[in-house]
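Reviewing the structure listed below.
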Amino acid sequence: MGKKKQRYQSEEAPSNNPFGGLDLSFSNEQLSAYEEEKEAVANEPESFAGGLVRVRLEKKGRGGKSVTVFYEFDKEQDSSLPELLKGLKKHLAAGGKVVEDSLELQGDQRLKAAEWLEQQGYKVKGQLI
């Protein structure tokens with residue numbers, strides 16, 4: 001067996017800080033202004049993007065294939081349904097389409113889609129099981 005290499009130990013600890021060379025200084029006024037702005041953003045009431053949505057599973061008239069349907073969206077949200085569907089399809093890795101004022105997803109996606117919609121601010125009711 002060979003000899004162990006001795007590590008070079010200096011009196012200064014090595015610095016792994018990538019920003020150590022930058023000369024950054026903040027005044028207390030700047031830091032307090034930042035904290036106040038951060039609190040103001042956190043305390044703002046979030047707009048309720050969702051609403052009540054119902055879900056059902058359909059098989060009839062589809063050649064035995066199942067389709068998850070989300071319906072009864074608020075009338076003001078009709079313009080945002082394509083964006084909502086795009087997010088759902090990406091999250092679930094499934095196909096789907098907007099039909100009139102409802103969303104249709106390929107397969108039985110009720111639970112996963114309902115969880116995602118609840119994270120977006122919707123309340124989901126209907127055939128979840």
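Can you tell me how many residues in region 87-101 are modelled with pLDDT of 90 or more and either touching a strand residue (DSSP E or B) at 6+ places or on another chain (Cβ under 9 Å) or aliphatic (A, V, I, L, M) (or both)? Step through it out loud before you land on a result.
Going through region 87-101, the residues modelled with pLDDT of 90 or more turn out to be 87-99.
When the remaining residues are screened for being either touching a strand residue (DSSP E or B) at 6+ places or on another chain (Cβ under 9 Å) or aliphatic (A, V, I, L, M) (or both), the result is 88-89, 92-99.
So the answer is 10.
For residues that are polar (S, T, N, Q) and assigned to a loop (DSSP other than H, G, I, E, B), scanning just region 22-55, find the one that is modelled with the lowest pLDDT. Give the steps one after another, and end with the answer.
Initial filter on region 22-55 (polar (S, T, N, Q)): 25, 27-28, 30, 32, 43, 47.
Add one more test, that the residue is assigned to a loop (DSSP other than H, G, I, E, B), and what stays is 25, 27, 47.
Working: SER25: 75, SER27: 77, SER47: 51.
The extreme case among them is SER47.
Looking only at residues that are within 18 Å of LYS89 (Cβ to Cβ) and under 23 Å from the mean Cα position of the chain (by Cα) in region 63-77, which one is modelled with the lowest pLDDT?
At the first step, the residues of region 63-77 found to be within 18 Å of LYS89 (Cβ to Cβ) are 65-71, 73, 77.
In the following step, the residues that additionally are under 23 Å from the mean Cα position of the chain (by Cα) were identified as 68-71, 73, 77.
Working: THR68: 94, VAL69: 94, PHE70: 93, TYR71: 91, PHE73: 85, GLN77: 77.
Only one residue fits best here, namely GLN77.
The values are calculated or read from the model by the stated rules, or taken from the named source; none is laboratory data. Bear in mind the structure is a predicted one, so any value in this text is a computation, not a measurement. Using ideal geometry, Cβ is built from the backbone for each residue, glycine included, and neighbour counts are taken over all protein chains shown.
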